[in-house]
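K.L.:
Below are the structure tokens for one structure; questions will follow.
Each reported figure results from applying straightforward, stated rules to the coordinates on display, with no laboratory input. For clarity, every value in this text was computed on a predicted model and none was experimentally measured. Heads up, the Cβs are rebuilt from the backbone with ideal geometry, glycines too, and the neighbour counts pull from every protein chain shown.
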Amino acid sequence: MSAAVADTQTIFEKGRPGRRAFTAPDLDVPHVDGLLPEAMRRTQEPALPEVSEPELVRHYVNLSKRNFDLDSGFYPLGSCTMKHNPRLHERVAALPGHARLHPFQDPSGAQGALELMWNLERALAEISGLSHVSLQPSAGSHGELAGVLLARAYHEDRGEQRIEVLTPDTAHGTNPATVTMAGLKVVKVATDQDGGVDLDDLRAKAGPQTACIMLTNPNTLGVFDANIQEIAAIVHGVGGVLYYDGANLNAVMGITRPGDMGFDIVHFNLHKTFTQPHGGGGPGSGPIAVSDRVEPYLMVPRIERVDSGNGAEPRFELESDHPKSIGRLRGFHGNYGTFVRSYAYIRSLGAEGLKDASVTAVLNANYLLARLEQAGVAQYLPLAFGTLCMHEFVLSGGPMKRELGIRTLDLAKRLLDHGFHPPTVYFPLLVDEALLVEPTETETKETLDGFADAIAEILREAAEDPEIARTAPHTTPVRRLDEAAAAKRPRIRESLSAETA
Amino acid sequence: MAVSRSGAPDVVVAGTFTSLRRVSRYTAVTDDDLREMLDAIGVASVDDLFASIPAALRLDRPLDLPAGLPEQAVYEHLRELASRNASTEDEVTFLGAGMYDHYVPAVIDMLMERSEFLTPYTPYQPEISQGGLQVMFEYQTAISELTGLPVSNASVYEGPSALAAAGWLAAQTTGRPRFVISEGTHPHSRETLRTLSVGYQTTVDEVPLRDGATDLEALKGALDTDHRSASPTAAVFVQQPNFLGAVEDVAALAQAAHEHGALLVVAADPLTLGVLEAPGAQGADLCVGEGQTLGNRLDFGGPSFGFFAAAQAHLRKMPGRIAGETRDVDGRRGFVLTLQTREQHIRREKATSNICTAQALNALGGVVYLSWLGREGLVELGELMLQRTHYAREKLSALDGVEKLHDRPVVREFALRLAAPVERVIERCRAAGINPGLALTDDGLLVAITERRTRTEIDRFAEVLDAAVAAERSAVGASA
């Protein structure tokens, strides 16, 4: 690591008074004094960085080198579907007709954008088996919030106040957090010995107070819940609605559909299944698809295709006249730039390519699981449930911890020294020392072999000297960081101006 | 799926379940690989991997989607769609109303497209994510500087949902069930707050404008009803500058809110905060807003980012990621996601918010933009907008049949009233290559100015608007 990359000075610390990267356009109108009353005028300007363009570029380029990224290496982060991000998508999203289109442009000047959104909606409807789509939510958790508010609106329109949402104990944390923000109450449902929903527990907890159940299928254990029809029958039987968390859709595209399983509402993660680059924590995109009975409550505005007949081209309009709609969840139409990328992806792969992607994702995950077993890893890191998996699998580091004296955290940190991003750790919560591995379809067999060999090597090393893993990583720009100290006395910015100090 | 116009022929090749058809350009399993992989797994075919999916649930046909296309054909299709949009390269635009046609410097494109920023996930492993984490720390510092508030998170989705997120914090913190929101806030913000209030179990009352700005007496009246009901107000929401471009008297609004124990939430345009007083210095408890003006492109409304800043007291109730500074075992400076016990992956149903993925890459664009502008540049740009906006407002309102909707101070946007049907005037202007702004009710027109709109363009706009209004007035006169 060069000295420049080792540098941790902030852009603020690097600045010197008078330096700048910006040249203002000339003031080409007469200057007028006193346009703002003194009380409204800022007296102390914000202490923004003062740097030249070369310094600006060097600072952020060097910072970027302190990041691991998907373009550099394997990133088997479970539940996050870190598949390749095609560069074509960046190129087409940057076309001025997409990138420099104002959201209040009159629909007559945005027909290409509206047609793209309509096409994407139709594709997502077909993939999910649910006919009505809103692209508006900004991320998965935003889609979940839309979904639970829709379930609530559906019941209230029938004069029912249903306050409970069933969530399995394997659920993503966003599920219960969403329920709270929707003003409803979480009721946990247990997991059975096969990793699916415990049907007896579900029957005991489902009732006239049940608004909906939130499920991921395959779930976060990488297990397809084969009882899904029974689950749907139980929940529908008490008048509830089924919500599908689409985080794991990458396992089943073209193979089975949430709508056919009995779900009423599904959210997609365009930044997982449909290759929107994750950007280090967003942008995401969380469109939802719903069944006919939930459709009246869907967000506005909606895109409508108007066929004028006579062989004329169809016209696309934004439409808000839906009196039962829950309203809007954000400004404008959603994260359009992500729609461009995901639509390009769907057109690149087509029907067959999407199915191939899911089949290959499942094949890769099962192969990696088999390779880990062959390498002798299973003794220390057994599969938590079942024998095969879908697109991801959960190992338990319990035996490793007991027999080798290293924790899942240590294994993850040691993987950094091998040049791999670790899998998701300590989730799902019900598995001891969990390691959630999702290789995705875009990795080669050689990469999977290399990863399996690295884990085997770390375990061998730990049998001889566990201290190496316990103190890992050893080769990264920084080593283990004191998170407790960071939380105890939070320093979350530089103290610059007196007023914010 | 029927794909209209320019799509490829709707040919669907039947997918086979038992073998992968071919190596696609994003996957790499060869026939040899497939055999070896199935052998290692110990199954005969990929079918066996899906045995847990009940037969009745299997899709017994290919998805009804068009066949896949080569990269160049996808490019041509997306380019054709783009060509049917009128972008800010195709017309001189005075559209704003929440998103604005600012110049985005080249360094931002370059940095946002770097693999190391574009393709990682959220920084769950800080040792290999120091770049992204330090960017968050710098971003938080910049937002605190802009807003005059000591606490910022690392981004939320966008403007209106940021305002609604502030409502959730206020309701949770005060335990009060009512919001009072100015009609000077963006209509999308008000609609979003109403949607989410169903879940928050809060009510929303609106306070009207008077002469273009929030009616202070009406606000006080609305808050006074607290004393006569069991619904005290959690938060008052205003926008700076407001939807009609007027600069609000935030200090007075803050005082009114605080007298009733309510928090003041200011939705601010961050690019005006070089010339406008910091909301934090005027008593705002929370300052949120749309970050698009900070180096993010229009993108037909997103992705951009929302910012969320607060007074110190609200640190532990903040939504979303927050980066904090710490040390590693060797004593080196480093950054981590901190105060994570607020968040959904730890606290689940007791979390301060459900937000997970936010807008990190767009927030990177924001802090790079602010560093590019710099301390002096932010003020210079604000002053340029202030002067050109004044020039444009005076020039346009001097035309026959055009008047100011209000006389309040404005910085980057102003509202006019036309003596002609606004939709038809807009149509005429657009035919002349100028998009004049957003139609408001009662033939109002909202006009936005950025550093990209030169005096020459403003003068040309005045000519075109003059002609359009005159033509429509004579058309109305002729038909009367």
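K.L.:
Using a 7 Å offset from the Cα along the Cα-to-Cβ direction at both A:Gln193 and B:Arg79, what is the distance between the two label points in nm, to one decimal?
P.N.:
6.2 nm
K.L.:
Right, here's the next one. P(r) for chain B: what percent of alpha-carbon pairs falls in each 10 Å bin, starting at zero?
P.N.:
Pairs per bin, as whole percents: 4, 17, 23, 22, 18, 11, 5, 1, 0.
K.L.:
Also, I was wondering about something else. Quick check for me: using +1 on Lys/Arg Cβ and -1 on Asp/Glu Cβ, what's the dipole size of region A:365-422 about its Cα centre, in debye to the nearest 20?
P.N.:
140 debye
K.L.:
Which order do peptides B:341-352, A:212-223 fall in by mean Cβ count within 10 Å, highest first?
P.N.:
Most protected by this proxy first, the peptides run A:212-223, B:341-352.
K.L.:
Continuing with the same structure: For region A:352-485, build the convex hull from the C-alpha positions and give me its volume per residue in Å³.
P.N.:
124 Å³
K.L.:
Right, next: By per-residue mean of other Cβ atoms within 10 Å, what is the highest-first order of A:166-172, B:311-317?
P.N.:
Ranking the peptides A:166-172, B:311-317 by packing returns A:166-172, B:311-317.
K.L.:
Please give the average number of partner chain Cβ atoms lying within 10 Å of the Cβ of each residue in B:98-109, rounded to a whole number.
P.N.:
Whole-number average of other-chain Cβ neighbours for B:98-109 is 3.
K.L.:
Sorted by average packing, counted as other Cβ atoms within 10 angstrom per residue and highest first, what order do A:202-210, A:461-469 take?
P.N.:
Order by mean packing, descending: A:202-210, A:461-469.
K.L.:
Okay, helix-only estimate at 222 nm for chain A: each DSSP H run of n ≥ 4 adds -39500 (n - 2.57), divide by all residues, round to 500 deg cm²/dmol; what do you get?
P.N.:
-11000 deg cm²/dmol
K.L.:
Just the Kirkwood number for the protein assembly as shown, please: inverse of mean 1/r across all distinct Cα pairs, in Å, one decimal.
P.N.:
28.8 Å
K.L.:
Moving on. One-quarter of the Cα convex hull surface for region B:108-368, in nm²?
P.N.:
14.0 nm²
K.L.:
Among A:Ser131, A:Gly282, A:Phe316, whose Cα lies farthest out toward the positive end of the dipole of the protein assembly as shown, if unit charges sit on the beta carbon of Lys, Arg (+1) and Asp, Glu (-1)?
P.N.:
In the protein assembly as shown, that residue is A:Gly282.
K.L.:
Express in nm, to one decimal, how much length is gained between A:Ala204 and A:Val32 on full extension, taking 0.36 nm for each residue of separation and deducting their alpha carbon distance.
P.N.:
Value of the extension gain: 54.6 nm.
K.L.:
Gain in length, B:Ala398 to B:Ala467, computed as 0.36 nm per residue apart minus the alpha-carbon separation, to one decimal in nm?
P.N.:
In short, 23.5 nm is gained.
K.L.:
Averaged across the residues of B:377-387, what count of C-beta atoms belonging to other chains lies within 10 Å of each residue's C-beta?
P.N.:
5
K.L.:
Continuing with the same structure: Please report the relative contact order for chain A, taking Cα pairs under 8 Å with a sequence separation of at least 6, and give it as a percent rounded to a whole number.
P.N.:
Once normalised by length, the contact order is 18 percent.
K.L.:
Under a point spin-label approximation (7 Å from Cα along Cα-to-Cβ), what is the A:Arg87-B:Thr203 distance to one decimal in nm?
P.N.:
Output for this residue pair reads 5.9 nm.
K.L.:
When Rg is the radius of gyration of the Cα atoms in chain A and Rh is its Kirkwood radius, what does Rg/Rh come to?
P.N.:
Radius of gyration over Kirkwood radius for chain A works out to 1.01.
K.L.:
I'd like the distance between the alpha-carbon centres of region A:110-169 and region A:430-501, rounded to an integer number of Å.
P.N.:
35 Å
K.L.:
Within 10 Å of each Cβ of B:275-282, how many other protein chain Cβ atoms are there on average?
P.N.:
5
K.L.:
Please report how far the C-alpha centroid of region B:107-129 lies from that of region A:302-355, rounded to the nearest whole angstrom.
P.N.:
About 29 Å separates the Cα centre of region B:107-129 from the one of region A:302-355.
K.L.:
Please work out how many pairs of lysine residues in region A:88-346 are eight or more positions apart (or on different chains) and have Cα atoms closer than 29 angstrom.
P.N.:
So the count works out to 5.
K.L.:
If you don't mind, another one. At 222 nm, what helix-only mean residue ellipticity would chain B give, in deg cm²/dmol to the nearest 500, using -39500 (n - 2.57) for each DSSP H run of four or more?
P.N.:
About -12000 deg cm²/dmol.
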